Every structure is written in structure tokens, then in C-alpha cells.
Amino acid sequence: MKTKVKELRTAANMTQQQLADSVHVSSRTIISIEKEKYSPSLMLAYRMAEVFGVTVEELCCLKENKRQEDLEYENLP
């Protein structure tokens, strides 16, 4: 799932470790989210959104991800 985690984190001049510490996860989790290898839980997304002062919808690009998912469903046989 696409997110704005890396964009928001770098704009806030935070390291991956600093963000990880502030939301109680490992830096590996942050790395995986930024590489779109892992989708954060709702609670983790909420915690990160609070850190950056944005909504979960904005952090997780929900409209964009929904559009992409809808296109994938339309192309199923």
C-alpha cells in the first residue's frame, strides 16, 4: 500500500529510528512501510498520523489506493 510516511518523515527531519521510537515499532517496520512491503495496522497508521498532524486517510493515500484496488477488481476475469 502506498503511503506518505517517507515524505512526511523527511519533511519533519526525522530519522526512521526516531519515527519508530515515537510510534513504538522497530525501524525495520518503518523501512518496510516506506518500501510498500508492509501495510500498517489501523492503530499504527493512527499513531503516525498523529505524529505528523495529518489524517489517516492522507497518510495512507486511501483515495488513491482505493482507485488502484478498484481498477484491479475491474480487470478480474
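Return the residues of the stretch 23-50 that are within 19 Å of Q68 (Cα to Cα) and open to solvent by 50 Å² or more (accessible area, probe 1.4 Å); say none if nothing qualifies. Passing the criteria: K35, E36, K37, Y38, S39. If you filter the stretch 18-48 down to residues that are β-branched (V, I, T) and under 9 Å from the mean Cα position of the chain (by Cα), you find that the one that is nearest to L59 (Cα to Cα) is I33.
Within the stretch 23-32, not a single residue is of a type in the set (K, R) and either assigned to a loop (DSSP other than H, G, I, E, B) or in contact (Cβ under 8 Å) with a residue 24 or more places away in the chain (or both). Candidates are the residues of the stretch 1-22 that are part of a loop (DSSP other than H, G, I, E, B) and without any contact (Cβ under 8 Å) to a residue 40 or more places away in the chain; the one that is surrounded by the fewest Cβ atoms within 10 Å (Cβ to Cβ) is N13.
The values are calculated or read from the model by the stated rules, or taken from the named source; none is laboratory data. Being a predicted model, the structure only gives us computed values, none of them experimental. Note that we place each Cβ from the backbone using ideal geometry, even for glycine, and neighbour counts take in every protein chain shown. SASA here: full protein model, heavy atoms, side chains in, ligands and nucleic acids out. Shrake-Rupley method; radii C 1.70, N 1.55, O 1.52, S 1.80 Å.
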